[in-house]
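Rule-based calculations on the coordinates, nothing more; no lab input. Values in this document were obtained by computation on a predicted structure and should not be read as measured data. Here the Cβ is made from the backbone with ideal geometry for all residues, glycine too, and neighbour counts use every protein chain on show.
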Amino acid sequence: MPDFFVKILKWFNETPDINRMGFLTSFFKVTPDSFTDANKAEIDIVRSGKKIAPVVRNLSTGAVTIVEDAFGTKEVPFPVHNLEKPVNISELMNRQPNESAYVTERVNWLGLLARRLVSGFSKMTDMVKNSVELQAAQVLQTGKISLTDEDGNPTFELDLKVKATHLPTVTKSWEDEDSNPLGDISALADVCRNDGKAEIKNLIMDETSLNYEK
């Protein structure tokens with residue numbers, strides 16, 4: 001990776017407020033491997049559950065072959081963002097928010113232009129950040145990513161083939177008095193644990209769900 005990107009990545013990770021840029025995006029870390037000049041990405045998803053090692057009566061019969069259940073390689077294009085913020089002359093002539101209504105003879109036109117550009121770049125950064133935040137939310141809730149254009153038409157879709165049993169479902173709404181939120185969470189954790197995925201250590205809940213904890 002070029003040294004230029006390494007410097008940008010180093011600055012990005014050292015930004016004091018980087019962990020507060022987004023609630024869900026704070027769970028993901030950008031590394032040098034995150035940068036590539038490829039047009040598409042290949043994703044291999046391998047699944048294997050907890051299996052008991054079988055025994056054999058005689059070593060001469062040979063070893064038991066281990067078979068992994070793997071989801072075939074999926075090739076997807078990268079989502080592309082193409083934003084621009086043109087600055088019109090009228091924006092430099094008219095009063096903008098937080099600016100004085102009085103125009104002096106010595107107007108710093110270069111400063112006005114720089115202010116417009118910085119404001120535009122800030123909006124672009126927020127829009128891209130919000131897009132990453134949306135992708136994180138979609139993956140955690142549905143196991144799929146779907147991005148749309150400005151007219152709402154889907155232009156990028158990725159299905160990570162998450163098991164339906166790994167998505168939170170409850171038999172009774174947590175609003176009911178006889179519901180069991182902690183039991184539902186424990187049952188879901190057991191399913192994921194038994195499938196050999198990972199130990200459940202973190203729960204991501206909104207304020208409404210958290211209030212139903214019993």
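Laid out as a table, the results:
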{"read-out": "Inter-probe distance in nm under a simple model that places probes 7 Å from Cα toward Cβ, at Leu59 and Thr155", "value": "6.3 nm"}
{"read-out": "Loop sites in region 115-205: trypsin sites (Lys or Arg not before Pro), DSSP, at most 16 other Cβ within 10 Å", "value": "Lys161, Lys163, Lys172, Lys197, Lys201"}
{"read-out": "Virtual spin-label span in nm between Met127 and Asn202, 7 Å along Cα→Cβ", "value": "2.9 nm"}
